[in-house]
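Here's the structure, in structure tokens; my notes come after.
The values are calculated or read from the model by the stated rules, or taken from the named source; none is laboratory data. Bear in mind the structure is a predicted one, so any value in this text is a computation, not a measurement. Don't worry about glycine lacking a Cβ; one is built from the backbone with ideal geometry, like all the others, and counts go over all protein chains shown. Calculation scope for accessible area: heavy atoms of the full protein, side chains included, ligands and nucleic acids excluded. Shrake-Rupley method; radii C 1.70, N 1.55, O 1.52, S 1.80 Å.
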Amino acid sequence: MKRIAVLLLAAALMLSAAGCGREKSASVQFFSMDTIMEITVYGKGAQKAADAARAEIESLDAMFSVSGTGSDIRKVNESGGGAVSEECALLVSRALELGADTGGAFDITLLPVIDAWGFHTDDPAVPDPAALADAMTRTGIGAVTVSGDMITFAKDGMGIDMGAVAKGYAAGKAAETLKKAGITSALITLGGNVRTVGAKPDGSRWRVAVQSPFDGDDYICVVSVEDCAVVTSGGYQRYFEQDGNTYHHIIDPETGYPADSGVVSATIVCGDDALADAFSTAVYVMGAERAQRLWREYDRSFDMIIVLRDGSVLVTEGIMPFVEAPGVAVTEIKR
Ligand code: ADP
Ligand code: MG
């Protein structure tokens, strides 16, 4: 028996849009990048700005989708390399850098492995060991070169999957679009990726709930933020079951199997949307020890909320004052 479960709007539910009722100006809901999205914009010109932000996200989906006909990424994967748009080349190049920064935990070249598992199909299954081993030989961020708008693969049968970074990047671009339109308060929810623009219309911080990895109807904590991304990765969002085991969609590049690091949910809070998305996936793969080392040594600042298998939570000092987690054992991560 196999089952794919996709929990849409998974990791984050908003608690506190209430109270801004009168100022709420426009909200658009749509389906893109394989998830339900919602953009809520406050203030003058809200509807037009929200529509423009939605259009921005849809054009990025068309560029980065692995399956969309005509997508830059699909073209490059099918042709074994080639020219892409400048924006696509820039994000692929950035994603390779972020991959190196995470010691390879974030790896956009896992496509052959993800395909061996069938994660992009309606019928995923545990791959045959030989097929998985073969797929593993066709990965590696060091085997991809981006030069200008040209992407080159060093091995045959390689491919790129931007699934762990494109939503974050798109949220950041949508936020930019809103700001260019003069918007100073908005909330962008792309599945488990939240992006806040400014503060709430009343000037207070947005309160973003982090979904409980143990109970889809509950949240484990709430973080109060403004003008930044809050991105959560967890194995409870997309998975299938086979022979009584559960297999989720975040792969450990070292094993080719779903990551099993002891981290059951990883949230990154930071102003850099692509980094937040890439690192949430990476922290889930790396585990708490490696993640803390990365947090201390990295030259760019970001914050993390890590939920461990035993239900305890680790929070970095930068956001510690802004996290409410009633009834949960929280440990502060210090510099
Ligand atoms: P989601 O897209 O569900 O919010 P993530 O941002 O963690 O979650 O991205 C997971 C997706 O990224 C997977 O569906 C797969 O396409 C791809 N992926 C899986 N493992 C990795 C990895 N270690 N590094 C980069 N991308 C990955
Ligand atoms: Mg991610």
Would you mind checking the tilt of helix 166-180 against the longest principal axis of the Cα atoms of the chain, expressed as 0 to 90 degrees and rounded to 10?
40
Which whole-Hz couplings ³J(HN,Hα) result when phi for each residue of the stretch 124-141 is put into the Karplus expression 6.51 cos²θ - 1.76 cosθ + 1.60, θ = phi - 60°, listed in order with x for Gly and Pro?
x, 7, 5, x, 5, x, 5, 5, 5, 4, 5, 4, 4, 6, 9, 10, x, 5
Residue-averaged [θ]222 nm for the chain, counting only DSSP H segments that reach four residues, each worth -39500 (n - 2.57)
-9000 deg cm²/dmol
Accessible area per residue in Å² at 1.4 Å probe, computed on the chain
42
Taking the chain on its own, what percent of its Cα-Cα pair distances exceed 37 Å?
14
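Where does the charge balance sit around G157 when Lys and Arg score +1, Asp and Glu -1, over other residues with C-beta under 12 Å from its C-beta?
-2
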Considering just Cα atoms, how many Å³ per residue does the convex hull of the stretch 67-154 enclose?
100
Report the Cα centroid-to-centroid distance between the stretch 124-168 and the stretch 267-335 in angstrom, as an integer.
27
Label-point separation, E78 to S312 (7 Å along Cα→Cβ), nm:
5.1
How high is the FRET efficiency from D227 to A125, r the C-beta distance, R0 45 Å, rounded to 0.05?
0.60
With θ set to phi - 60° and the Karplus curve 6.51 cos²θ - 1.76 cosθ + 1.60, what are the ³J(HN,Hα) couplings of the stretch 305-319 in order, to the nearest whole Hz, using x for Gly and Pro?
10, 10, 9, 8, 4, 7, x, 7, 10, 10, 10, 6, 4, x, 10
Sequence of D272, D149 from largest to smallest accessible area, 1.4 Å probe:
D149, D272
Quick one: helix 288-297 against the long Cα principal axis of the chain, what's the angle to the nearest 10°, folded into 0 to 90?
70
Sort the stretch 120-257 into rounded, prolate or oblate with this rule: let a ≥ b ≥ c be the square roots of the eigenvalues of the Cα gyration tensor; rounded if a/c is under 1.5, and if a/c is not under 1.5, prolate when a/b is larger than b/c, oblate otherwise.
oblate
Which ³J(HN,Hα) values, rounded to whole Hz and listed in residue order, are derived for the stretch 45-56 from phi using the Karplus coefficients 6.51, -1.76 and 1.60 in 6.51 cos²θ - 1.76 cosθ + 1.60 with θ = phi - 60°, glycine and proline given as x?
x, 4, 5, 5, 5, 5, 5, 5, 5, 4, 4, 4
Taking protein heavy atoms only, a 1.4 Å probe, and rounding to whole percent, the accessible area of the chain owed to carbon and sulfur comes out at 48
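Counting only GluC sites (Glu not before Pro) that are in a DSSP loop and have at most 15 other C-beta atoms within 10 Å, tell me the longest site-free stretch of the chain.
Numbers: sites that count: E23, E226, E254, E317.
Result for the longest clean stretch: 24-225.
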